[in-house]
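Enquirer: Okay, handing you the structure first.
The values are calculated or read from the model by the stated rules, or taken from the named source; none is laboratory data. In this text, all values refer to a predicted model and were calculated from it rather than measured experimentally. FYI the Cβ positions are ideal-geometry reconstructions off the backbone, even for glycines, and counts take in every protein chain you see.
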Amino acid sequence: MGCCHEVCLTLPEYSVKAVIYGDPDGLPVIALHGWLDNAASFYAVGKHLEGIKLISLDLIGHGRSSYRPDGMPYHIWDNVTDLYQVLEQLKIDKTCLVGHSMGASIAMLFAGTFPDRIQHLMAIDGLVPLAYDVDSLPELLSDAIVKREKMGSRNLKPYKTKEDAVSARMNGRWPVSREAAERLLERGLAKTDDGYIWSNDPRLLMPSLVRFSPDQIRAFLKAVKAQTTVIRASNGAANLIDGWVGELSSAELIDMQGGHHLHLEPHCAKEIASLLNSWV
């Protein structure tokens, strides 16, 4: 098994924590987790890496990284700026990206924004961000503003025990195993006087005020130059993949048996690691 240790990256406005998996002298690959997950999302893949230095980030607002300032929404495109600053901090000019779900869409947007800086791209059960249809945008913006105002005055109820939090994570919308839940909660849970709460910024649960339109997303997909591997889970989020892969200039679509978090399932994690190892 390769190394596993945490590092802290100091960006102009944020502190970003990351976990390094695999070969410390290997090919640097940046890993981006999904919504409400954290850097531990790639622990199972990290067990099987050879010649790969996987730098798994806690995205802003997640895990142990900084929150965005009060009053600043969590727009997905701001993660592209964060990733740019991470690469500048690490002095990495050209690299490879792997992302899961929301992390896959951030990776794709970055690869479309800076096509000459990304050699390989892997998208795990995701590829594009959620979109807003242009004609529906005024109504959706109105709904989001009202919902955000209502949610802003509510506090999340803490879990009485750590086991309650683990159980909730295991049985969420996208279920994971007990081992995966426990590993994720090592970075995703905070103890308070009243119990246990998620360490993620609660504002991540608020509805998006605006999103890209389908045509805008296609523009990013068409701009990607990287060799792209898209992994689709048999019981996952096909809506984030189907109908979009064909917009990429060079893409391989691989189907795997598993749920949305298939990279946390041992058999899939090993197969995904093998695909990453082939980049060396």
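Enquirer: Could you give me the residue pairs with C-beta distances under 9 Å whose first residue belongs to segment 232-255 and is over 15 Å from Leu221 (Cβ atoms), whose second residue is part of a loop (DSSP other than H, G, I, E, B) and small (Gly, Ala, Ser) wherever it lies, and which are 6+ apart or on separate chains?
Expert: Gly236/Ser101; Gly236/Gly126; Ala237/Ser101; Ala237/Gly126
Enquirer: Hey, does segment 184-196 have a residue that's out of contact with any Phe, Trp or Tyr (no Cβ under 7 Å at 6 or more places or on another chain) and assigned to a loop (DSSP other than H, G, I, E, B)?
Expert: Taking every residue of segment 184-196 in turn, at least one turns out to be out of contact with any Phe, Trp or Tyr (no Cβ under 7 Å at 6 or more places or on another chain) and assigned to a loop (DSSP other than H, G, I, E, B).
Enquirer: If you take the residues of segment 5-27 that are under 17 Å from the mean Cα position of the chain (by Cα) and of a type outside the set (Gly, Ala, Ser), which of them is farthest from Asp201 (Cα to Cα)?
Expert: Per the criteria, the residue is Tyr21.
Enquirer: From the list Pro129, Pro158, Pro175, which residue is surrounded by 16 or more Cβ atoms within 10 Å (Cβ to Cβ) and under 19 Å from Ala237 (Cα atoms)?
Expert: Result of the check over Pro129, Pro158, Pro175: Pro129.
Enquirer: When you look at Asp82, is it surrounded by 19 or more Cβ atoms within 10 Å (Cβ to Cβ) and either touching a Cys at 6+ places or on another chain (Cβ under 7 Å) or outside any helix (DSSP H, G or I) (or both), yes or no?
Expert: No: the conditions fail for Asp82.
Enquirer: Can you tell me which residues in segment 157-175 are touching a strand residue (DSSP E or B) at 6+ places or on another chain (Cβ under 8 Å) and in contact (Cβ under 8 Å) with a residue 12 or more places away in the chain?
Expert: Scanning segment 157-175 gives Pro158, Tyr159, Lys160, Thr161, Lys162, Asp164, Ala165, Trp174, Pro175.
Enquirer: Looking at (1) outside any strand (DSSP E or B); (2) over 24 Å from Lys17 (Cβ atoms); (3) not small (Gly, Ala, Ser), which is the only condition Thr228 fails?
Expert: The single condition Thr228 does not satisfy is (1).
Enquirer: Give the number of residues within segment 1-53 that are at pLDDT 95 or above, in contact with a Cys (Cβ under 8 Å, 6 or more places away or on another chain) and in a loop (DSSP other than H, G, I, E, B).
Expert: Of the residues in that region, 1 qualify.
Enquirer: Answer yes or no: is there a residue in segment 209-219 that is outside any helix (DSSP H, G or I), in contact with a strand residue (DSSP E or B) (Cβ under 6 Å, 6 or more places away or on another chain) and crowded, with 18+ Cβ neighbours inside 10 Å.
Expert: Within segment 209-219, none of the residues are outside any helix (DSSP H, G or I), in contact with a strand residue (DSSP E or B) (Cβ under 6 Å, 6 or more places away or on another chain) and crowded, with 18+ Cβ neighbours inside 10 Å.
Enquirer: Ok, one more. Counting only residues that are part of a helix (DSSP H, G or I) and under 25 Å from the mean Cα position of the chain (by Cα), which one in segment 146-162 is farthest from Glu186 (Cα to Cα)?
Expert: Lys147
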